[in-house]
Amino acid sequence: MNTPTLVIQDVFKIYKEGDVETVALRGANLTVERGEFVAIQGRSGSGKSTLMNLIGGLAIVSAGRIIINETDLSRLNEGQRAAFRRQHVGIVFQSDNLIPFLTASENVVLPMTLEGHENAHRRAASLLTEIGLAERLHHRPNQLSGGERQRVAIAVALANEPDLLLADELTGELDSVTSDSIMALLKRLNVERGLTLIVVTHNPTVAARAGRQVRISDGQLSEEMAVAHA
Ligand SMILES: Nc1ncnc2c1ncn2[C@@H]1O[C@H](COP(=O)(O)OP(=O)(O)OP(=O)(O)O)[C@@H](O)[C@H]1O
Ligand SMILES: [Mg+2]
């Protein structure tokens with residue numbers, strides 16, 4: 001049996017703002033095997049982004065453990081977590097976070113440069129081409145449509161060939177045709193490259209593409225019943 005890509009073990013996340021404490025996660029558990037495609041659904045404020053930030057190492061758990069490829073993230077300091085993320089985890093946020101003064105291609109090149117990859121420009125061009133943006137390599141984010149920016153953000157997230165891709169509501173603001181084509185793209189990467197995918201979504205059509213559906217409520221994760229596909 002291969003080791004799972006991700007293990008979430010009794011995770012708590014408590015935010016403290018002055019006197020106010022928000023318990024966003026209270027004992028969350030989940031194991032994701034290599035190559036799985038998991039959709040996470042839950043009400044607004046249920047802790048989905050919190051969970052994604054913890055898995056991505058952008059924040060740390062209040063208690064419990066998050067283990068990616070056998071590495072316990074809580075054992076890493078901030079700098080080590082950033083390096084780990086760059087090497088192993090791709091993240092696409094709720095709103096794209098491209099660097100505005102860099103072109104599409106330069107945005108994709110940047111994480112590769114930080115890892116000292118050779119042929120970064122050639123790889124960026126081929127990733128963007130694969131994602132349907134061959135004609136947009138030298139456009140800056142403000143010269144691209146919302147759907148195109150999301151696709152560039154996916155290419156950035158894939159730049160260093162992550163083991164795990166996290167997508168937080170990335171199709172939320174797109175029309176259904178664009179959103180469908182982006183989900184089809186992710187599904188293809190999942191099937192063809194065995195990319196492990198965790199997608200947060202409010203959209204049942206998006207969730208239906210996943211192999212597994214997980215619900216988050218009361219700070220905990222639970223398996224949804226399997227959905228029959230037509
Ligand atoms: N930095 C923070 N400081 C304090 N409270 C926070 C912080 N981030 C999130 N929260 C609170 O934690 C809870 C979970 O927030 P989170 O952003 O994870 O929800 P979500 O499921 O992603 O919601 P949405 O669907 O609206 O994006 C909410 O009650 C939110 O107000
Ligand atoms: Mg959110």
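The values are calculated or read from the model by the stated rules, or taken from the named source; none is laboratory data. The structure presented is a predicted model; accordingly, all values stated were derived computationally and were not measured. Heads up, the Cβs are rebuilt from the backbone with ideal geometry, glycines too, and the neighbour counts pull from every protein chain shown. All accessible areas refer to the heavy atoms of the entire protein, side chains included, with ligands and DNA or RNA removed. Shrake-Rupley method; radii C 1.70, N 1.55, O 1.52, S 1.80 Å.
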Would you pull out the residues with amide H under 5 Å of Thr71's amide H, same chain only if 5 or more places away, H placed 1.01 Å from N? none
Provide the per-residue ³J(HN,Hα) series for segment 152-165, in order, calculated from phi with Karplus coefficients 6.51, -1.76, 1.60 and θ = phi - 60°, each as a whole number of Hz, with x at glycine and proline positions. 4, 4, 5, 4, 4, 5, 8, 3, 9, 6, x, 7, 9, 10
If you count only protein heavy atoms and use a 1.4 Å probe, how large is the accessible surface of Arg86, to the nearest 10 Å²? 80 Å²
For Glu224, residues with placed amide H under 5 Å, excluding near neighbours: Gln213, Val214, Arg215
Quick one: Karplus J couplings for segment 138-148, per residue in order, coefficients 6.51, -1.76, 1.60, θ = phi - 60°, nearest Hz, x for Gly and Pro? 9, 8, 8, x, 6, 9, 10, 6, x, x, 5
Need one word for segment 1-111: rounded, prolate or oblate. Basis is the Cα gyration tensor (sqrt eigenvalues a ≥ b ≥ c); a/c below 1.5 gives rounded, then a/b vs b/c decides. oblate
Please label the shape of segment 102-174 as rounded, prolate or oblate, based on the square roots a ≥ b ≥ c of the eigenvalues of the alpha-carbon gyration tensor (a/c under 1.5 means rounded; beyond that, a/b larger than b/c means prolate, else oblate). oblate
For the chain, give me the percentage of DSSP beta bridges that are antiparallel, rounded to the nearest 5 percent. 55 percent
The set of residues whose placed amide H lies less than 5 Å from the amide H of His139, leaving out same-chain residues fewer than 5 positions away, is Ala104, Ser105
Applying the Karplus parametrisation 6.51 cos²θ - 1.76 cosθ + 1.60 with θ = phi - 60° to the phi angles of segment 211-220, what ³J(HN,Hα) value in whole Hz is obtained for each residue in order, glycine and proline being reported as x? x, 8, 10, 10, 10, 10, 7, 6, x, 10
In segment 139-230, what percentage of the DSSP-assigned beta bridges are antiparallel, given to the nearest 5? 45 percent
Among Arg215, Arg136, Arg193, residue whose mean-square fluctuation peaks in a GNM of the chain (springs only between Cα atoms under 10 Å): Arg193
If you find the alpha carbon centre of segment 83-154 and of segment 1-52, how far apart are they in angstrom? 27 Å
Skip the ligands, DNA and RNA, and give the accessible area per residue of segment 6-223 with a 1.4 Å probe, whole Å². 47 Å²
Count the net charge of all other residues whose Cβ sits under 14 Å from the Cβ of Ser105, scoring Lys and Arg as +1 and Asp and Glu as -1. +2
Point-charge dipole on Cβ atoms (K/R +1, D/E -1) for the chain, about Cα centre, debye to 20: 160 debye
Can you pull the three principal axis extents for the Cα set of the chain, in Å, largest first? 47, 46, 44
Calculated from DSSP H runs of 4 or more alone, at -39500 (n - 2.57) each and per residue, what is the 222 nm mean residue ellipticity of the chain, nearest 500? -10000 deg cm²/dmol
Just how large is the dipole of segment 16-146 about the Cα centre, in debye to the nearest 20, putting +1 at every Lys and Arg Cβ and -1 at every Asp and Glu Cβ? 80 debye
At a 1.4 Å probe radius, carbon and sulfur cover how many percent of the accessible area of segment 6-223? 47 percent
